[in-house]
There are 2 protein chains.
Amino acid sequence: MEKSWAKLVNLKNMVIKLGKDDPRRVIHSFKVGLALVLISILQYFRPSFYAFGDNIMWAVLTVVLVLEFSVGATLGKGLNRVLATGFAGALGVGIRRITSFSGDKGKAVLTSTSVFFIAGTVTFMRFSPRLKARYDYGLIIFILTFCLVSLSDNPENELVEVAQERLFMIIVGSCIAIVVCICICPVWIGQDLHHQIAANIQKLADFLEGFGDEYFNNVENTTGAAGDKPFLHRYESVLSSKSSEETMAVLARWEPCHGRFRFRHPWKQYIKIGNQIRLCAYKIKALSVFLLPSEKTPYELRSRIQESCTNISIESGKALKESSLILKHMAKSSMPNGHVANAKAAAESLKSVLRSNPWEGADHLEIIAAATVASLLIDIVVLVENICEAVDELATLAN
Amino acid sequence: MEKSWAKLVNLKNMVIKLGKDDPRRVIHSFKVGLALVLISILQYFRPSFYAFGDNIMWAVLTVVLVLEFSVGATLGKGLNRVLATGFAGALGVGIRRITSFSGDKGKAVLTSTSVFFIAGTVTFMRFSPRLKARYDYGLIIFILTFCLVSLSDNPENELVEVAQERLFMIIVGSCIAIVVCICICPVWIGQDLHHQIAANIQKLADFLEGFGDEYFNNVENTTGAAGDKPFLHRYESVLSSKSSEETMAVLARWEPCHGRFRFRHPWKQYIKIGNQIRLCAYKIKALSVFLLPSEKTPYELRSRIQESCTNISIESGKALKESSLILKHMAKSSMPNGHVANAKAAAESLKSVLRSNPWEGADHLEIIAAATVASLLIDIVVLVENICEAVDELATLAN
């Protein structure tokens, strides 16, 4: 009894968390319910075009399968569904007309052969990464519709009529799905991608801005220091965001002009920025090891490169922060370039500190950690510059 | 004319490449065609249970949507489809029975309300990552079936019969899909995951085995050396393999005993190994920068840590290679531990070389690259040991 109560409370908390993490989820659930109710209302009012029995199920099928969380996904699926149904239906009717000239046995053989070849070919096409990204759903629907038309029981004269009615119902379903998706609190996946990339840059900026203070503080052996500071870990989600960004960019291409985004917004550039961000995140991952107290070079040695290293990390962080803001607000600004220049200058000053052999006479085993940090920071400046340039390029492409 | 001919040749090459990359794709396309032909044969022979007109389309729908490339995906979708249809159908019939006690208007309102709430709730459930991973398809089918039953035109006495017939056709379709998928050259996704993880370890091993020679060769300014050597780049695919591994592990859990894998094979451990592999790959990514001729410390300085660094990288590579072989052949062996011990010993000897201050008097700016390589290699030994331990653990869990 107590156990199941605990489980119920757990479930309640999980549901609340799901809704709080992204309230648009609740709205989306509401939209799906609404779209289906709209169809059921159509069904109850039964206008003339509803006179044919069970065909409403095609509208229901379409709404359930097409109405997705984001506008891009819904539009993509809706167009795929309508076009694929149309083409496959036409092809199926055509082939049936041809096979009808042969006898009963010939017809069976011809139908099976055409189903085999067309289903096989289209299935094979689904393996092409290019087609899969944009037209996977359409290809499945193509196979489905073609097989349904070919294997249907209806005599040929009825067939065309039934096919037209179904296509019509699918168009009705797609339209309802698209209208509900766009008109009620639309979720633009392009905008999500935009914000996600900006947030990812911000995560790197948070790490870099904090790194200098973290690494060069004099308190040795602070236990679990890194664990308590979320800004030192936020960047980790960037490491594995590649596939989600690519999916979003593909879906975003279906979306019409919305907000500050036009139809042919350069979504591909976001993938490019995302890749640059990840390169920088890999480097930060390597850098983060040295925040562990056990990995630190004694403070006395570390402090000799403190100033220029701290400057590099702070200025890189600021450059990324500015870059993230520019991206977020789609405004032009030369601020990041200033910070990049400062970071570069700090890197040069670090190099000249190193040239003056700051660790003369020290144990080389003790200095390698500090030397690695210096080397990684110098590399990071270049990567930060690349990110800022890619963001700049996006601004140019978008206007 | 010539242009379209070139395009055609391009297309042909692409198709051949798709097939050659993985010949199982051709077999899968053949299997989809075959399963649909099997259904069309059933249709032509028309055994008694086929007497009801258009219901064959449910079998066609099921085969097209359920028959996936791998056994795990097919079984998962098939079970999801049958169970979801069964439950949703029962719920739908139950609710219709309740609403039938109210008048026409009451019925319309009750039906719409129940469709709204159930579709909304289940849509919301789809956002839970746990449910989404294993039951997403089932949840969609649940909404679909429930709406179809609720909004169907059939009078109630016919409804139960129609629902049963459709469920039966869906079971027939699922069975055909599953039988074809398992009996003709089955693609076990668990096996694929197993091989992919082993191959990923091998990729890291290739890099590490080659790194020593690459980094410490005396030929300065070899142009584009790294570009020509594929083994130095193969590891890059590991960096972004997280999501594909997770999907595969989820699907593998549906698969029954096959080959050397039993039903409850510890698939989760593969994700764990995969994560360890990626941690090592991030480190290798940082290491790979130093292969660029422009980043290299002068040979004279580099050579002072050559022996122990080369030993670390070769022994780490060998340990990973052995680990990959153990995983591949599911055999027990203590070989990797020997190599890990050697790598550790080499790391210790590198540390003692560093303690003897090999670069005394050298320019610190020039030595930081070499120091970074040394430091990264020392870190890599620990990560390699973790990978070998995770593979060991898998062997223990699997037996």
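Can you tell me the FRET efficiency between residue A:272 and residue A:179 if r is taken as the Cβ-Cβ distance and R0 is 25 Å, rounded to the nearest 0.05?
Efficiency at R0 = 25 Å is approximately 0.15.
Local charge sum around residue B:167 (other residues, Cβ-Cβ under 15 Å, Lys/Arg +1, Asp/Glu -1)?
-1
By a straight-distance test (C-alpha under 15 Å), which aspartates and glutamates pair with residue A:132 as possible cross-link partners, with residues fewer than eight away in the same chain excluded?
Result set, ordered by chain and number: A:246, B:68.
Please arrange B:393, B:255, A:322 by how many other C-beta atoms lie within 10 Å of their C-beta, fewest to most.
Lowest to highest Cβ neighbour count: B:393, A:322, B:255.
Say a label goes 7 Å from Cα toward Cβ at residue A:293 in every copy; what distances in nm does this one have to the rest, shortest first?
Once sorted, the set of distances for residue A:293 reads 4.7 nm.
For chain B, with equal point scatterers placed on the C-alpha atoms only and solvent neglected, what are the log10 I(q)/I(0) values from the Debye formula at q = 0.06, 0.12 1/Å, to two decimals?
The Debye formula, applied to the Cα set alone, gives -0.41, -1.00.
Can you work out D for the stretch B:182-332 in µm² s⁻¹ from Stokes-Einstein, where Rh is the Kirkwood radius over C-alpha pairs, the temperature is 25 °C and the viscosity is 0.890 mPa s?
144
Between copies, how far apart are the residue B:244 label points? List them in nm, one decimal, shortest first, with each point 7 Å from Cα toward Cβ, please?
For residue B:244, the other copies' label points sit at 1.9 nm, shortest first.
Sum -39500 (n - 2.57) across every DSSP H segment of at least 4 residues in chain B, then divide by the residue count to get the 222 nm mean residue ellipticity, nearest 500.
-26500 deg cm²/dmol
Using Cα pairs under 8 angstrom and six or more residues apart, how large is the relative contact order of the stretch B:97-255, in percent?
Reported relative contact order: 23 percent.
Residue B:195 label points, 7 Å along Cα→Cβ, one per copy: pairwise distances from this copy to the rest in nm, shortest first?
4.3
Going by how many other beta carbons lie within 10 Å of each one, how would you line up A:363, B:21, B:392, fewest first?
So the residues, fewest neighbours to most, are B:21, A:363, B:392.
Using a cut-off of under 19 Å, list every residue of the stretch B:260-286 whose amide N is near the label point 7 Å from the Cα of residue B:396 along the Cα-to-beta-carbon line.
Output list for this probe position: B:265-277.
Using only Cα positions of the stretch A:265-360, each an equal point scatterer, no hydration layer, compute I(q)/I(0) via Debye at q = 0.10, 0.13, 0.19, 0.22 Å⁻¹ and quote the log10 values to two decimals.
So the normalised log intensities are -0.38, -0.60, -1.05, -1.23.
Spin-label point model (7 Å from Cα, Cβ direction): what's the residue A:100 to residue A:195 distance in nm?
5.4
Mind checking the dipole of the protein assembly as shown: about its Cα centre, +1 per Lys or Arg Cβ, -1 per Asp or Glu Cβ, Debye to the nearest 20?
Charge dipole of the protein assembly as shown: 2200 debye, to the nearest 20.
Of B:20/B:321; A:17/A:272; A:203/B:285; A:268/A:344, which sit over 25 Å apart, Cα to Cα?
B:20/B:321; A:17/A:272; A:268/A:344
To the nearest 20 debye, what is the magnitude of the charge dipole of the stretch A:1-96 about its Cα centre, counting +1 on the Cβ of each Lys and Arg and -1 on the Cβ of each Asp and Glu?
Computed about the Cα centre, the dipole is about 220 debye.
With charges set only on the Cβ (+1 for Lys and Arg, -1 for Asp and Glu), what does the dipole of chain B come to about its Cα centre, in debye to the nearest 20?
Taking the Cα centre of chain B as origin, the dipole is about 1140 debye.
What FRET efficiency comes out for the pair residue A:22/residue B:87, r = Cβ-Cβ distance, R0 = 22 Å, nearest 0.05?
Here the calculated transfer efficiency is 0.20.
How big is D, in µm² s⁻¹, for the stretch A:4-108 by Stokes-Einstein at 25 °C and 0.890 mPa s if Rh is the Kirkwood radius over C-alpha pairs?
The estimated diffusion coefficient comes to 137 µm²/s.
What nm value, rounded to one decimal, do you get for the distance between residue A:348 and residue A:1 when each label is placed 7 Å out toward the C-beta?
With each label placed 7 Å out from Cα toward Cβ, I get 7.8 nm.
Among A:81, A:302, B:262, which comes first, second and so on when ranked by fewest other beta-carbon atoms within 10 Å?
Lowest count first: B:262, A:302, A:81.
What do you get for Rg/Rh of the protein assembly as shown when both radii come from the Cα atoms and Rh is the Kirkwood radius?
Reported Rg/Rh, Kirkwood definition of Rh: 1.03.
Putting +1 on Lys and Arg Cβ atoms and -1 on Asp and Glu Cβ atoms, find which of A:241, A:294, A:252 reaches farthest to the positive end of the dipole of the stretch A:184-331.
A:252
If a paramagnetic tag sat 7 Å from the Cα of residue B:262 along the Cα-Cβ line, which residues of the stretch B:364-399 would have the backbone N under 20 Å from that point?
B:391-399
What whole number of Å gives the distance from the Cα centroid of the stretch B:104-165 to the Cα centroid of the stretch B:278-310?
Value for the Cα centre distance between the two parts: 61 Å.
When chain A is modelled as a GNM with alpha-carbon springs shorter than 10 Å, which of A:61, A:291, A:365 fluctuates the most?
Judging by the Gaussian network model, the answer is A:365.
If I take the Cα coordinates of the stretch B:123-264 and project them onto the principal axes, what are the three extents in Å, biggest first?
Ordered largest first, the stretch B:123-264 gives principal extents of 87, 35, 25 Å.
Could you work out, residue by residue across B:109-122, how many beta carbons of other chains sit within 10 Å of that residue's beta carbon, and then give the average as an integer?
Mean partner-chain Cβ count within 10 Å for B:109-122: 5.
Per residue of B:373-384, what is the mean number of Cβ atoms on other protein chains within 10 angstrom of that residue's Cβ?
3
Values quoted throughout were computed directly from the atomic coordinates according to the rules given, and no laboratory measurement underlies them. Predicted model, so just to flag it, every value in this text is computed and none were measured. Ideal geometry is used to build each Cβ from the backbone, glycine not excepted, and the neighbour counts take in all protein chains shown.
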